[in-house]
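Q: Supplied in structure tokens, the structure appears directly below.
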Amino acid sequence: MIKLYGVQCSLYTGKVRSYFRKNAIPFAERTQSHPHYRNAVLPAVKNRRIPVVEFDDGAMVQDSTAILDVCETRFPHVAKPTGALRVVELFLEAYAERSLLKAAMHYRWNFPEENRAFIVGEFGRIIAFANGPTAWPQAGEAIAGRMSAYLPPLGITAHSIPAIEASYLKLLALLNAHFVLYPYILGDAPSRADYGLMGPLYAHLGRDPYPVRIMQQKAPLVFRWVERMNAPEGETPEYPDRAPAFFDAANAPPTFRAILKQAVAEYAGEVEATAQAFARWAAAHADKPSGALVSDKGDDQPSFGPIAYPLENATVQPYSSAHTLWAIQHALDAYAAASAAEKAQARALFAEAGGENLLDLKLARRLTRIDNKLAIA
Ligand SMILES: N[C@@H](CCC(=O)N[C@@H](CS)C(=O)NCC(=O)O)C(=O)O
């Protein structure tokens with residue numbers, strides 16, 4: 001049976017767990033404290049991040065996006081959208097994994113009175129469950145310190161927090177309106193847009209004490225979507241007797257178009273600034289051969305240095321994430337592979353969302369992952 005190494009409070013694990021459940025793919029979930037993780041998985045993947053999936057033939061992959069890529073070839077029966085909607089699902093997956101990380105991290109770490117004991121306990125139970133409740137707080141504190149240190153490099157500051165909150169609350173309202181009509185982002189079947197969004201919207205924003213209350217009170221249909229995305233049923237009571245199909249890109253409903261527009265508004269500036277940082281990096285590293293890791297130090301998700309981009313009425317100043325360009329490359333590849341008619345549909349959708357330029361983005365070099373680390377293709 002497939003093994004998923006991860007935990008409930010892990011953003012990226014939530015994405016993969018939901019994919020397996022929704023598509024009736026049997027799996028067993030384990031934490032990193034399992035002896036097989038330490039003895040066999042970590043030495044093989046050479047990357048301490050979760051999730052890691054060990055497939056039944058022994059192949060192991062770290063990175064939720066890379067795992068879904070592999071799953072698409074291993075489980076061809078799982079329906080996936082085509083044409084313009086394929087471009088959209090991969091764009092929204094990239095948006096969820098990077099841009100929504102700000103809201104996920106802010107709402108987890110900046111409300112310690114409500115969240116801190118819960119999340120420290122969660123971390124403690126991951127690494128020291130067998131040692132019993134008295135051991136958990138101390139074990140959890142060590143991880144909590146490391147995770148909360150990610151906030152400044154993500155650009156989460158007193159200046160940007162009002163913008164991060166405003167943008168997140170807009171998304172919640174738009175999703176809530178969409179789920180009145182459809183069970184999933186692209187209609188009546190889940191896609192990588194949903195799996196991607198499940199990372200931040202379940203593990204942090206739909207589960208930590210402070211933000212889950214916001215979701216329940218302001219966007220109850222989003223809370224229901226989170227439940228639905230973690231359940232194996234194909235059909236749910238609110239939308240009975242509906243065929244599990246995606247809507248047609250040409251007739252994409254206004255509620256969906258509004259979600260795409262919000263994602264573009266939040267994320268396009270970061271993508272463009274990161275692509276520019278990559279171009280500067282590539283010019284300075286023109287001798288990097290194909291197959292070389294991006295990071296000389298062997299970092300799996302390196303940065304091309306600081307960037308700045310607008311969000312609402314603020315400027316966010318994070319360290320750029322090279323990894324997000326690899327994720328965006330998925331959407332660009334889908335666009336390049338589309339027919340002329342599908343390209344026109346994708347352009348129409350992104351143009352209406354204010355993001356037509358994204359489809360013309362040229363990355364300085366092609367990116368790939370080698371040994372679970374970002375590399376030059
Ligand atoms: N792009 C990776 C990100 C994985 C990731 O950052 N996972 C977190 C937990 S949600 C982690 O393992 N962090 C450990 C660390 O940063 O040291 C993926 O999609 O799997």
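Q: Pick from E141, E122: which is within 14 Å of the ligand (Cβ to nearest atom) and not assigned by TED's automatic domain parsing to the domain that holds T255?
A: Among E141, E122, only E122 is within 14 Å of the ligand (Cβ to nearest atom) and not assigned by TED's automatic domain parsing to the domain that holds T255.
Q: Same structure, new question: Quick one: is D194 farther than 22 Å from P232 by Cβ, surrounded by 20 or more Cβ atoms within 10 Å (Cβ to Cβ), in contact with a helix residue (DSSP H, G or I) (Cβ under 7 Å, 6 or more places away or on another chain) and acidic (D, E)?
A: No, not satisfied.
Q: Being surrounded by 15 or more Cβ atoms within 10 Å (Cβ to Cβ) and within 16 Å of the ligand (Cβ to nearest atom) is the filter here, so list the residues in segment 71-88 that pass it.
A: Answer for segment 71-88, where residues must be surrounded by 15 or more Cβ atoms within 10 Å (Cβ to Cβ) and within 16 Å of the ligand (Cβ to nearest atom): just C71.
Q: Name the single residue that is farthest from the ligand (Cβ to nearest atom) among those in segment 1-15 being hydrophobic (A, V, I, L, M, F, W, C) and modelled with pLDDT of 95 or more.
A: I2
Q: Report yes if F111 is within 14 Å of the ligand (Cβ to nearest atom) and among the aromatic types (F, W, Y), otherwise no.
A: no
Q: Quick one: which of L11, L92 is in contact with a Gly (Cβ under 7 Å, 6 or more places away or on another chain) and in the same structural domain as V226 (by TED's automatic domain parsing)?
A: L92
Q: Hey, another quick one. Can you pull out every residue in segment 16-32 that is more than 10 Å from the ligand (Cβ to nearest atom) and not hydrophobic (A, V, I, L, M, F, W, C)?
A: Selection gives R17, S18, Y19, R21, K22, N23, P26, E29, R30, T31.
Q: Within segment 33-53, how many residues are in a loop (DSSP other than H, G, I, E, B) and within 11 Å of the ligand (Cβ to nearest atom)?
A: 5
Q: A further question follows. Evaluate segment 157-174: report whether one residue or more is buried (at least 20 other Cβ atoms within 10 Å of the Cβ), within 30 Å of A353 (Cβ to Cβ) and more than 20 Å from the chain's Cα centre (by Cα).
A: Yes, because at least one residue in segment 157-174 is buried (at least 20 other Cβ atoms within 10 Å of the Cβ), within 30 Å of A353 (Cβ to Cβ) and more than 20 Å from the chain's Cα centre (by Cα).
Q: List, please: which pairs have Cβ atoms under 7 Å, are six or more places apart or on different chains, and start with a residue in segment 33-44 that is more than 15 Å from V61 (Cβ to Cβ) and end with one that is of a type in the set (A, V, I, L, M, F, W, C) and modelled with pLDDT under 95?
A: S33/I126; S33/I127; S33/F129
Q: Also, quick follow-up: Of the conditions (1) within 30 Å of P209 (Cα to Cα); (2) out of contact with any helix residue (DSSP H, G or I) (no Cβ under 8 Å at 6 or more places or on another chain); (3) not basic (K, R), E72 satisfies every one except a single condition; which number is it?
A: Status for E72: all satisfied but (1).
Q: Right, something else. Would you be able to say whether some residue in segment 305-317 is of a type in the set (D, E, K, R), out of contact with any strand residue (DSSP E or B) (no Cβ under 8 Å at 6 or more places or on another chain) and at pLDDT 95 or above?
A: Scanning segment 305-317 turns up at least one residue that is of a type in the set (D, E, K, R), out of contact with any strand residue (DSSP E or B) (no Cβ under 8 Å at 6 or more places or on another chain) and at pLDDT 95 or above.
Q: Of the residues in segment 174-215, how many are under 24 Å from R242 (Cβ atoms) and within 16 Å of the ligand (Cβ to nearest atom)?
A: Summing the residues that are under 24 Å from R242 (Cβ atoms) and within 16 Å of the ligand (Cβ to nearest atom) in segment 174-215 gives 10.
Q: May I ask you to list the residues in segment 248-264 that are in contact with a Phe, Trp or Tyr (Cβ under 9 Å, 6 or more places away or on another chain) and within 18 Å of A331 (Cα to Cα)?
A: Correct list: F256, L260, A263, V264.
Q: Out of all the residues in segment 249-291, which are within 25 Å of the chain's Cα centre (by Cα), hydrophobic (A, V, I, L, M, F, W, C) and under 18 Å from L374 (Cα atoms)?
A: Once the filter is applied, which keeps residues that are within 25 Å of the chain's Cα centre (by Cα), hydrophobic (A, V, I, L, M, F, W, C) and under 18 Å from L374 (Cα atoms), segment 249-291 yields V271, A275, A277, F278, A279, W281.
Q: Here's another thing I want to ask about it. For R116, are the conditions met, namely being among the charged types (D, E, K, R), out of contact with any strand residue (DSSP E or B) (no Cβ under 6 Å at 6 or more places or on another chain) and more than 16 Å from the ligand (Cβ to nearest atom)?
A: For R116, the condition - among the charged types (D, E, K, R), out of contact with any strand residue (DSSP E or B) (no Cβ under 6 Å at 6 or more places or on another chain) and more than 16 Å from the ligand (Cβ to nearest atom) - is met.
Q: Any idea which of (1) within 26 Å of T315 (Cα to Cα); (2) without any contact (Cβ under 8 Å) to a residue 60 or more places away in the chain; (3) under 21 Å from the mean Cα position of the chain (by Cα) is the one P200 doesn't satisfy?
A: (2)
Yes/no per residue for (1) touching a strand residue (DSSP E or B) at 6+ places or on another chain (Cβ under 9 Å); (2) surrounded by fewer than 17 Cβ atoms within 10 Å (Cβ to Cβ); (3) of a type in the set (K, R); (4) free of Cβ contacts under 8 Å to residues at least 40 places away in the same chain:
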site: V212; (1), (2), (3), (4): no, no, no, yes
site: P220; (1), (2), (3), (4): no, yes, no, no
site: F256; (1), (2), (3), (4): yes, no, no, no
site: W281; (1), (2), (3), (4): no, no, no, no
site: A284; (1), (2), (3), (4): no, yes, no, yes
site: S290; (1), (2), (3), (4): yes, yes, no, no
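The values are calculated or read from the model by the stated rules, or taken from the named source; none is laboratory data. In this text, all values refer to a predicted model and were calculated from it rather than measured experimentally. Please note: Cβ atoms are built from the backbone with ideal geometry, for glycine as well, and neighbour counts cover all protein chains shown.
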